[in-house]
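Below you will find the structure I want to go over with you.
Since every read-out is calculated from the coordinates, none of them should be taken as a lab result. As the structure is a computational prediction, the values presented were derived from the model and not from experiment. A quick note on method: Cβ atoms are made from the backbone with ideal geometry, for glycine too, and the neighbour counts reach across all protein chains shown.
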Amino acid sequence: MTDFYDAGPLRAAANTLFLGWGYDFYKSTNQLRADDQLIRAKVGQLLGFVQADLAAAETAFRRTNIAPPTRAAPFPDPAAVAGAKTLERLAREVGTLGGRITAAPAPSPDRMTDRYRDEGETLTYLRDHDRVLVGQAALLRNVVEGKDGAGLLAAASEIDEGLTALRRTLETRASALTSATR
């Protein structure tokens, strides 16, 4: 009789269960898939910081630049309203893009995927693009971090360029999953 807590039978039982679920500890594709998910989560975190900075700057900008209505001035300054709306739009776009990146798909570990493409090669391609996303998100964070509303409005075109670059990289990444040869 073997000891219940002996690593040999437990390891064998665990490996049997994991293999039955389609997971193999020793496959490099599992590590690549985990790396892909981790990297995209970190990009989402960076973009969450960017979104929070933009939202905080927008709130402070509205507080300082849009005065409460009075009889003499019942409507706010149109330029200040436009600036606040620009900051609000940027924060919304960053949040949307962060969600898209975090939820971006990766190939599932199944036989159909293996039949039409090399899973390891596809995951390596995705990981490399995800690394580019990290760099782009970090640069965007550096552009936004520490700036007030006026500074962010001055950098709005640079922020838009960063968002465009992130979108382009995400689209290139997604093209690997739609092509049957990758």
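Taking 0.36 nm per residue of separation and subtracting the Cα-Cα distance, what length does fully extending S28 through N142 add?
37.7 nm
Compute the length gained on full extension between A82 and R167: take 0.36 nm times their separation in residues and subtract their Cα-Cα distance, giving the result in nm to one decimal.
Numbers: separation 85, 0.36 × 85 = 30.60 nm, distance 2.45 nm.
The A82-R167 span can extend by a further 28.1 nm.
If you don't mind, there's one more thing I want to ask. Going by average Cβ neighbours within 10 Å, how do the peptides 157-167, 74-84 rank, with the highest at the top?
157-167, 74-84
Sort the stretch 133-182 into rounded, prolate or oblate with this rule: let a ≥ b ≥ c be the square roots of the eigenvalues of the Cα gyration tensor; rounded if a/c is under 1.5, and if a/c is not under 1.5, prolate when a/b is larger than b/c, oblate otherwise.
prolate
Kindly rank 87-100, 53-66 from highest to lowest mean number of other beta carbons found within 10 Å of each residue.
Order by mean packing, descending: 87-100, 53-66.
By the gyration tensor of its Cα atoms, with a ≥ b ≥ c the square roots of the eigenvalues, what is the shape of the stretch 62-106: rounded for a/c under 1.5, prolate for a/b over b/c, or oblate?
It comes out prolate by the Cα gyration axes.
Further, regarding this structure: Compute the Cα gyration tensor for the stretch 27-178, then decide on rounded, prolate or oblate, letting a ≥ b ≥ c be the square roots of its eigenvalues: rounded whenever a/c is under 1.5, prolate when a/b is larger than b/c in the other cases, and oblate in all that remain.
Note, shape of the stretch 27-178 comes out prolate.
Measuring from label point to label point, each 7 Å out along Cα→Cβ, what is the S175 to R89 span in nm?
Taking the simple label geometry, S175 and R89 are separated by 2.7 nm.
In addition: In nm, give the distance between the simple-model label positions of A155 and A103, each being 7 Å from the Cα along the Cα-to-Cβ direction.
Using points 7 Å along Cα→Cβ, the separation is 2.8 nm.
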